[in-house]
Amino acid sequence: MSLPQITSREQWLAARKALLAKEKQLTRARDALSAERRRLPMVQVTKDYLFTGPDGEAGLLDLFAGQQQLIVAHFMFDPRWEQGCSSCSAGADEVSQGLLDHLRARSTELVHVARAPIDKIERYKAERGWTFPWYSSYGSDFNYDFGVTIDESIAPPHYNYKTLAEHERAGTAYYFEGEQPVEEPGTSVFLRDDEDRVFHTYSSYGRGTEATGGSYYFLDLTALGRQEAWEEPRGRSAAARPAQPDFAP
């Protein structure tokens with residue numbers, strides 16, 4: 001592996017300032033993109049999805065655990081497998097209690113969902129030493145409806161907002177390779193209002209699916225964002241927006 005060029009302090013400072021200008025440009029672009037994400041419309045979820053957790057059956061609303069927002073990490077774990085996806089597992093290794101606490105301080109819950117039966121999930125979770133909430137969607141339409149399980153016998157194949165034909169034209173048909181059903185990664189975000197109605201606000205798939213960099217990166221995927229004064233609101237009237245949670249110090 002090659003090392004950086006050796007230079008003088010003056011040359012390093014000039015190069016660093018040039019890079020700083022690009023870093024600031026990227027930060028501003030990311031902030032603008034996050035604001036646009038918060039302005040996305042949302043869709044009410046009316047289907048009754050049933051999950052299984054360590055304490056038994058749960059509905060989608062139960063996954064919020066009383067919080068206002070829910071981030072679902074779609075974990076690739078086919079019911080036929082004995083272990084979960086290695087890439088998903090690497091990402092899950094970084095989910096710490098501190099991260100969960102910081103998200104919950106902004107009334108946001110992070111859970112993982114996979115199609116594997118709960119007994120396989122619990123065994124694998126114990127082997128890895130994980131403590132985050134993890135639910136099974138086995139027997140549910142959840143994975144199919146939110147685009148992370150591809151099965152032509154269930155629905156026309158699509159992934160990351162493209163059909164199989166569109167992926168073939170783009171040279172990305174590898175998403176559909178392998179024996180069906182095919183599991184793929186993704187992240188979906190939900191919001192509940194004061195009437196306990198649940199809304200789907202955002203989903204991302206494929207490359208860049210995993211949020212990295214701490215709780216703010218996860219919160220940037222949500223409708224309410226980081227919930228700081230400088231952030232631009234979603235654009236709905238105050239009456240139409242769910243009440244902000246009261247965050248005690």
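Some observations on this one:
- Candidates Leu60, Leu50, filtered to the one that is under 26 Å from Ala114 (Cα atoms) and in contact with a Phe, Trp or Tyr (Cβ under 8 Å, 6 or more places away or on another chain): Leu60
- Test: residue in the range 86-95 that is aliphatic (A, V, I, L, M), under 13 Å from Phe132 (Cα atoms) and touching a Pro at 6+ places or on another chain (Cβ under 8 Å): no
- Applying the condition of being assigned to a helix (DSSP H, G or I) and among the acidic types (Asp, Glu) to the range 113-156 and asking which residue is farthest from Ala92 (Cα to Cα) yields Asp145.
- A single member of Tyr124, Tyr144 is modelled with pLDDT of 95 or more and within 19 Å of the chain's Cα centre (by Cα), and it is Tyr144.
- Residue in the range 32-49 that is assigned to a helix (DSSP H, G or I), in contact (Cβ under 8 Å) with a residue 24 or more places away in the chain, hydroxyl-bearing (Ser, Thr, Tyr) and closer than 18 Å to Thr201 by Cα present: yes
- Failed item, numbered, when Ser87 is tested on (1) modelled with pLDDT under 95; (2) over 25 Å from Asp151 (Cα atoms): (2)
The values are calculated or read from the model by the stated rules, or taken from the named source; none is laboratory data. Only a predicted model underlies this, so the values are computations on that prediction, with no experimental measurement involved. A quick note on method: Cβ atoms are made from the backbone with ideal geometry, for glycine too, and the neighbour counts reach across all protein chains shown.
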